[in-house]
Amino acid sequence: MARPRLSLVLFYALAFLLSWTVWSPLVAFRLGYGPPASPVWHLLGSLGPAASAVIVSLLPFSPVRLSLLIDRLSLRRMTARPLLLAIGLPVAIAALGLVGQAVTAGSPVLLEGIGRSLEYPALGPLAVVAVSVLFYGFGEEIGWRGYALPLFSRRFGGLSSALLMTLPWAVWHLPLLVSSPTYQALGPAGLVGWLVSLATGAVLLTYLFHLSGRSLIVVALFHAFIDLAMTNAAVQPIGTQLMGAIVTLLGLAAAFGCSRLARGAFIPVRPFGQAAPAAPAPSLPRRG
């Protein structure tokens, strides 16, 4: 098995193992086989992809090195436009979803629960944001976009890489479909919409990763804030579906940009900290 492929298999296997093991008390409780489990297990399990990326990047044959992950977490990679998109776009999506929700229900826009989480009701608004950024943003994106995407891009273009990443990303969520109130509230139709928005979200994150100059901070912030927009206590299922539809439309637009990213678009040119190869000496013209 080629080393990039082996690294990718090991990354996903370890990410699944770590996350699913940590989430197992939640699943056992929901299925009636264990005592009540704290939702903190959900947070800790969300660090599985990041932990897997760090561990596998330390293996001697890994094409994606730890130094590259550290480089892509550097503040120097952040620029104003992608940063504004990472935060402003989810805010706009949330506003449109809440307005659409109010119009559909024939009621005023209610903002009381917008800074609260249904899963973590004891946390204040700032704590909810911090938790979402750390665990759902960096916990996932260091793995998905930081480690897996460069390996997919060795064989596929930008759009194909993003879409191929959707299936393992969806499978990784399977225990949460049983244990998390957020996913249980979706219902069958909502789950179909979630799968579609997951695919288009992967495309959107891939293109944002490209626009940001491969900044993991930017995609982590976008991931965290879009989660906050769609799962806060002010949002009802119809609002979640409306926001999912907006994400899908934006993802379709981003698909055009991703389709123009050729194979190898996310492969590092050289490890962080390594000097660029010296330019070859110019050859002297022949005398004849």
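The values are calculated or read from the model by the stated rules, or taken from the named source; none is laboratory data. All values reported here derive from a predicted model rather than from experimental measurement. Cβ sites come from the backbone with ideal geometry, for glycine too, and all protein chains shown count toward neighbours. Accessible surface areas use protein heavy atoms only, side chains included; no ligands, DNA or RNA. Shrake-Rupley method; radii C 1.70, N 1.55, O 1.52, S 1.80 Å.
Worth a mention:
Here's the yes/no breakdown for (1) open to solvent by less than 60 Å² (accessible area, probe 1.4 Å); (2) modelled with pLDDT of 90 or more; (3) part of a loop (DSSP other than H, G, I, E, B):
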{"residue": "G34", "(1), (2), (3)": "yes, no, yes"}
{"residue": "P60", "(1), (2), (3)": "no, yes, yes"}
{"residue": "I70", "(1), (2), (3)": "no, yes, no"}
{"residue": "P90", "(1), (2), (3)": "yes, yes, no"}
{"residue": "L98", "(1), (2), (3)": "yes, yes, no"}
{"residue": "E112", "(1), (2), (3)": "no, no, yes"}
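- Residue in segment 73-81 that is modelled with pLDDT of 95 or more, within 28 Å of V129 (Cα to Cα) and part of a helix (DSSP H, G or I) present: no
- Candidates V219, V196, filtered to the one that is in contact with a helix residue (DSSP H, G or I) (Cβ under 6 Å, 6 or more places away or on another chain), free of Cβ contacts under 8 Å to residues at least 60 places away in the same chain and assigned to a helix (DSSP H, G or I): V196
- Identity of the residue in segment 36-50, over 20 Å from L118 (Cα atoms) and aliphatic (A, V, I, L, M), that ends up most open to solvent (accessible area, probe 1.4 Å): L47
- Subset tally (residues that are without any contact (Cβ under 8 Å) to a residue 60 or more places away in the chain and not in a loop (DSSP other than H, G, I, E, B)) for segment 114-133: 4
- Evaluated against (1) in a helix (DSSP H, G or I); (2) among the β-branched types (V, I, T); (3) surrounded by 15 or more Cβ atoms within 10 Å (Cβ to Cβ), T104 falls short on exactly one condition, (3).
- Count - residues of segment 105-153 that are among the acidic types (D, E) and under 19 Å from L18 (Cα atoms): 2
- Matching option when the condition is surrounded by 13 or more Cβ atoms within 10 Å (Cβ to Cβ) and in contact with a Gly (Cβ under 7 Å, 6 or more places away or on another chain), among A86, A53: A53
- Qualifying residue in segment 173-183 (condition: in contact with a Gly (Cβ under 9 Å, 6 or more places away or on another chain), modelled with pLDDT of 85 or more and open to solvent by less than 50 Å² (accessible area, probe 1.4 Å)): yes
- Only listed residue being part of a helix (DSSP H, G or I) and surrounded by fewer than 23 Cβ atoms within 10 Å (Cβ to Cβ), chosen from A202, A253: A253
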